[in-house]
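Peer 1: Take this structure, written in structure tokens, and hold onto it; I'll ask about it next.
The values are calculated or read from the model by the stated rules, or taken from the named source; none is laboratory data. Fair warning: this is a prediction, and the values are worked out from it, not measured in the lab. Ideal geometry is used to build each Cβ from the backbone, glycine not excepted, and the neighbour counts take in all protein chains shown.
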């Protein structure tokens, strides 16, 4: 049986035990000139006793080596070579695992690398470079109240290397997503989780189809890059909180990641909540660390105040969700979508069985509560947004990945064959779902490209003195955006220097003198006003 206490709880005990041992060692050195450690273990926790005994063995060996110089030299040389081999062996294994995981991720997402630009992609394509990116330090990104200068610089980097070829943009998104998956696995280990759970969580997060909008869509960059900085901040802050003594550079790395996140995506305001949560789980909430928590929340409050001042105290240009039922509905959709296919009866039972493994245990229920807290904090900024999009739940889905990984690990402990079958089915199901999303976005990109090419073929010069009407242009295709937005920018690329104006409906502007193009049968076809008048009243 797997103990989920080992996943989260004992790390706090281990940290406290380590502190007991350190204090005991100091007392031994000060009170025992003959280097004999204090062996009185009464009153200590079992973990402290175990850690203490390990330290006593090392301590005694060191004293013995001081008393026997000749033997010491021999032992020291042997230990040095052995430790060297073990250290580099572990590093080599970790490096190989990292390379294999990254290679798998790149290979898995490689079919998406040639996906053409769609929708919002055209707002930055051919317009962002390192010179123009600087302007977004003082103006909004996109067409909403969005302060995201780091996103502009990331696209400038892609533009410098890839130009108007989508490969570089997609490659960047995939690399960022892969790093996020690795960071999640690393944090699972840091807070006391087992390596199998960490590996499974990384793979599940990597393959989860809920990430399609953030990773496969180039304009999903804010979600994936912003999450990178949030996860990095949590990672470094957790390391700093755990570190005995001074931890200057981990704290600096944590704060820098946090600030970069604020310059990337508004979701970074939840970083203090998530950092405190993982540090609480990892056992690093002592008095000195609480000062950093307060500072993180102060920085967040200052950012929110400055952000509102920058945008004239308007949260967004779009409708704000004002009803509690709407917010609850959005949160519920995010939860169910993070478990791919859970709304289908033939799939839902599988998730119910997996989660039942956790609910049946006190430690499992605690794990689910902590995961739900992460999910809530990570989704908090989107509760005020009307509607739902899968990219909203990208960061929150990390909690789902950990819960599913822990449940699979429990099943593997109960029954190895059943656990292997369940893990294989889940990963295969998610991988199939993500590949389906990749195909959907690829088809959407081909539709977007064909529409502008057809228009250019029919109209070599843009008709600036006649009304152009574009009918039935698809906004979506199989959950992927086509021209939900960005059609004007896409046409601008086809007609450089022209003033782009068009209508997407006949009434009230179109007449017999208008140029009417209709998307039908996978291509744009020129129509007469009389042909479409009855079909588009």
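Peer 1: Quick check on segment 478-485. Is at least one of its residues without any contact (Cβ under 8 Å) to a residue 60 or more places away in the chain and in the same structural domain as residue 511 (by TED's automatic domain parsing)?
Peer 2: The answer is yes, given that some residue of segment 478-485 is without any contact (Cβ under 8 Å) to a residue 60 or more places away in the chain and in the same structural domain as residue 511 (by TED's automatic domain parsing).
Peer 1: Exactly one of these conditions fails for residue 420: (1) assigned to a helix (DSSP H, G or I); (2) surrounded by 18 or more Cβ atoms within 10 Å (Cβ to Cβ). Give me its number.
Peer 2: Of the numbered conditions (1) assigned to a helix (DSSP H, G or I); (2) surrounded by 18 or more Cβ atoms within 10 Å (Cβ to Cβ), the odd one out for residue 420 is (2).
Peer 1: Shifting gears a bit: Out of the residues in segment 244-265 that are surrounded by 12 or more Cβ atoms within 10 Å (Cβ to Cβ) and outside any helix (DSSP H, G or I), which is modelled with the lowest pLDDT?
Peer 2: Filtering segment 244-265 down to residues surrounded by 12 or more Cβ atoms within 10 Å (Cβ to Cβ) leaves 247, 249-265.
Among the residues that remain, those that are also outside any helix (DSSP H, G or I) are: 247, 263-265.
Numbers: 247: 82, 263: 94, 264: 95, 265: 92.
Restricting to residues being surrounded by 12 or more Cβ atoms within 10 Å (Cβ to Cβ) and outside any helix (DSSP H, G or I), the top hit is 247.
Peer 1: Among the listed residues 475, 530, which satisfies the condition of being surrounded by fewer than 16 Cβ atoms within 10 Å (Cβ to Cβ) and either in contact with a strand residue (DSSP E or B) (Cβ under 8 Å, 6 or more places away or on another chain) or under 30 Å from residue 210 (Cα atoms) (or both)? Break it down into steps so the answer makes sense when it comes.
Peer 2: Values: 530 fails: either in contact with a strand residue (DSSP E or B) (Cβ under 8 Å, 6 or more places away or on another chain) or under 30 Å from residue 210 (Cα atoms) (or both).
It is 475.
Peer 1: Looking only at segment 293-303, decide whether some residue is within 21 Å of residue 394 (Cβ to Cβ) and either touching a strand residue (DSSP E or B) at 6+ places or on another chain (Cβ under 9 Å) or modelled with pLDDT under 90 (or both). So that I can check it myself, show each step before the final result.
Peer 2: Let us first name the residues in segment 293-303 that are within 21 Å of residue 394 (Cβ to Cβ), namely 300, 303.
Now narrow it down to the ones that are either touching a strand residue (DSSP E or B) at 6+ places or on another chain (Cβ under 9 Å) or modelled with pLDDT under 90 (or both): none.
Within segment 293-303, none of the residues are within 21 Å of residue 394 (Cβ to Cβ) and either touching a strand residue (DSSP E or B) at 6+ places or on another chain (Cβ under 9 Å) or modelled with pLDDT under 90 (or both).
Peer 1: Just checking, how many residues over segment 457-472 are under 14 Å from residue 504 (Cα atoms) and surrounded by fewer than 19 Cβ atoms within 10 Å (Cβ to Cβ)? Talk me through it step by step, then tell me what you get.
Peer 2: So in segment 457-472, the residues under 14 Å from residue 504 (Cα atoms) come out as 467-472.
In the following step, the residues that additionally are surrounded by fewer than 19 Cβ atoms within 10 Å (Cβ to Cβ) were identified as 467, 472.
The qualifying residues number 2.
Peer 1: If I ask for residues that are in contact (Cβ under 8 Å) with a residue 60 or more places away in the chain and outside any helix (DSSP H, G or I), which ones from segment 434-472 would you list?
Peer 2: 471
Peer 1: Hey, could you check segment 97-155 for residues that are part of a loop (DSSP other than H, G, I, E, B) and within 15 Å of residue 171 (Cα to Cα) and say which is nearest to the chain's Cα centre (by Cα)?
Peer 2: Out of the qualifying residues, it is 113.
Peer 1: Sticking with this one: Considering each residue of segment 373-417, count those that are assigned to a helix (DSSP H, G or I) and touching a helix residue (DSSP H, G or I) at 6+ places or on another chain (Cβ under 7 Å), and give that number. So that I can check it myself, show each step before the final result.
Peer 2: Step one: of segment 373-417, the residues assigned to a helix (DSSP H, G or I) are 373-384, 390-393, 397-414, 416-417.
Now narrow it down to the ones that are touching a helix residue (DSSP H, G or I) at 6+ places or on another chain (Cβ under 7 Å): 373-375, 377-383, 390-393, 397-412.
Result for segment 373-417: 30.
Peer 1: Would you check if residue 431 is part of a helix (DSSP H, G or I), outside the structural domain of residue 207 (by TED's automatic domain parsing) and in contact with a helix residue (DSSP H, G or I) (Cβ under 6 Å, 6 or more places away or on another chain)? Reasoning before the result, please.
Peer 2: Details: part of a helix (DSSP H, G or I): yes; outside the structural domain of residue 207 (by TED's automatic domain parsing): yes; in contact with a helix residue (DSSP H, G or I) (Cβ under 6 Å, 6 or more places away or on another chain): yes.
Yes: the conditions hold for residue 431.
Peer 1: Kindly indicate which of 185, 161, 126 is out of contact with any strand residue (DSSP E or B) (no Cβ under 8 Å at 6 or more places or on another chain), surrounded by fewer than 22 Cβ atoms within 10 Å (Cβ to Cβ) and without any contact (Cβ under 8 Å) to a residue 40 or more places away in the chain.
Peer 2: Values: 185 fails: surrounded by fewer than 22 Cβ atoms within 10 Å (Cβ to Cβ); 126 fails: without any contact (Cβ under 8 Å) to a residue 40 or more places away in the chain.
After ruling out the rest, the residue left standing is 161.
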